[in-house]
1. If you plug each phi of segment 317-334 into the Karplus form 6.51 cos²θ - 1.76 cosθ + 1.60 with θ = phi - 60°, what whole-Hz ³J(HN,Hα) values come out, in order, with x for Gly and Pro?
2. Might you report the magnitude of the Cβ-based charge dipole of segment 2-70 about its Cα centre, with Lys and Arg at +1 and Asp and Glu at -1, to the nearest 20 debye?
3. May I ask for the angle, rounded to the nearest 10°, between helix 419-430 and the longest principal axis of the chain, with both axes built from Cα atoms and the value confined to 0 to 90°?
4. Could you pull out which residues in segment 221-257 have an amide N less than 14 Å from a spot 7 Å beyond the Cα of residue 182, following the Cα-Cβ vector?
5. Could you do me a favour and compute the accessible area per residue for segment 181-335, 1.4 Å probe, result in Å²?
6. Ordered by packing density, taken as the mean number of other Cβ atoms within 10 Å over each peptide's residues, highest first, how do 107-114, 289-296 rank?
7. Of the accessible area of the chain, with the probe set at 1.4 angstrom, what percent is carbon plus sulfur?
8. Lys and Arg at +1, Asp and Glu at -1: add these up for the other residues within a Cβ distance under 13 Å of residue 393 and post the number.
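The values are calculated or read from the model by the stated rules, or taken from the named source; none is laboratory data. Quick caveat: nothing in here was measured; it's all calculated off a predicted structure. So basically every Cβ, Gly included, is an ideal-geometry build from the backbone, and we count neighbours across all protein chains shown. Surface accessibility is based on the protein's heavy atoms, side chains included, excluding ligands, DNA and RNA. Shrake-Rupley method; radii C 1.70, N 1.55, O 1.52, S 1.80 Å.
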Amino acid sequence: PEDTVTSSFASFIPAARPEHLSKTVRHRSKRMILDSIGVGLVGSTTRVFDIALRYCRELYSPVAVSSVYGKPGVKLSPTLAAFTNGVATHSMDFDDTWHPATHPSGAVLPALLAASQMLPPGTKPSGMDFLLAFNVGLEVQGRLMHFSTEAHDIPKRFHPPSVVGTMGSAAATAKLLSLSRAQCSHALGIAASLAGAPMANAATQAKPLHIGNATRLGFEAALLAARGMEANPFILDDIPGCSGFSAFYGVYQPKPLSAPGDHHEFLLEKQDIAFKRFPAHLGMHWVVDAALSVRNLFINYAGSFSPSLIRTIVLKIPVSKYINRPFPSSEHQARHSFQFNACAALLDGEVGLGSFTESSIQRQELRELLDKVVVEHPEDNAANFDKMYGEVALLLHSGDVLTGKCDTFYGHWRKPLSKESLLKKFRSNASHVLPEEKIETIIAMVDNLEDLSDSSQL
């Protein structure tokens, strides 16, 4: 059908060309690719990744052509490699975040890496093909999220990357495989039937499966469309009485996607991405920066950090049930706890990989600080990653009050990480599984991705 929202998206995918990516878009997306690879590499050291990998190796007999993060001797079938690498990417909640809220790279990049290795010699996509497909996947995710005002707030019902990420993976893979317009439409329709995961599984080992499934199932949707499977050609349109993609949102107002070219501006051109400095839910970054700020005030006040001088710790945070966890008992709960991250920052002067070990979580001195926490929800503190703030106030036994506040943490899209900080994060993450020379090779390869003749080398 012509002149529908779905057909406009289906037309956009094959029409996108390298010259449509501005210098800004290419620069920002390469930063995302590098960061996501690093996060996936360090994520391959986690227990949840080991479970996912063992599941794929034991339950399936794969056509082993696609690589797995952090395991140089292991290959899986393309879709299972995408799944496993997607799990690795989100295993520590260390991956990038956009606004409206989703984790865009982890849902797309593993599918493209696996697909690049799947294609036979002589048909391998170039680095520029790869970069273009990646940006198509991002664009589809971003546009879909802008169709609903609900998507702008911290989610309550479903985890966004499990929905828009699946659609983005399907679009990106369809682009890389050079599917026709009709096949792209079917790929999006099939992907919509494979999408979705409830927020109740946040802060559990199941949450990384949301990214693994998004990248895998979107990939599978594109493969099924390539083999002739069909789906509803109005899947993205708002059809009264018959929900398509609108099933995920109470308010859904889709608009056609303009053709790439002079009058189309990629969303990544307008808004940068948030890169996390430590492995926890994005909301934690506000309270950690606020806690570090008030900790410095406390040290200037008392000469050192002395918890015994503190009577009460007041956190002023937005209302969001799944990240309001007073006494987390596991690493995944700790990554989703305002209280834990604020207290860990106060106690240690930093939050990092080691903050979420069992021994760190169970420390008596940390538990004593958690006992002092009181949570407040000011009306002006919206549950929205573009508008929220974090505030930490220390009420001392002396009667004095010290306060730290953060409305834009370092790494937020309004305050992007410097090149030096991003490279430092990547080198630190990758060093857990790769030698230095390979780390530097990846950095150079991503930096010059447009010049790579065969993207499967990545």
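1. Rounded to whole hertz, the list is 9, x, 6, 7, 4, 7, 10, 10, 10, x, 9, x, 10, 9, 4, 6, 5, 4.
2. The calculation lands at about 400 debye.
3. That helix lies at roughly 80 degrees to the long axis.
4. Correct set: 225-233.
5. Dividing the accessible area of segment 181-335 by its residue count gives 41 Å².
6. Those peptides, ordered most packed to least, come out 107-114, 289-296.
7. Result for the chain: 50 percent of the exposed heavy-atom area is carbon or sulfur.
8. +2
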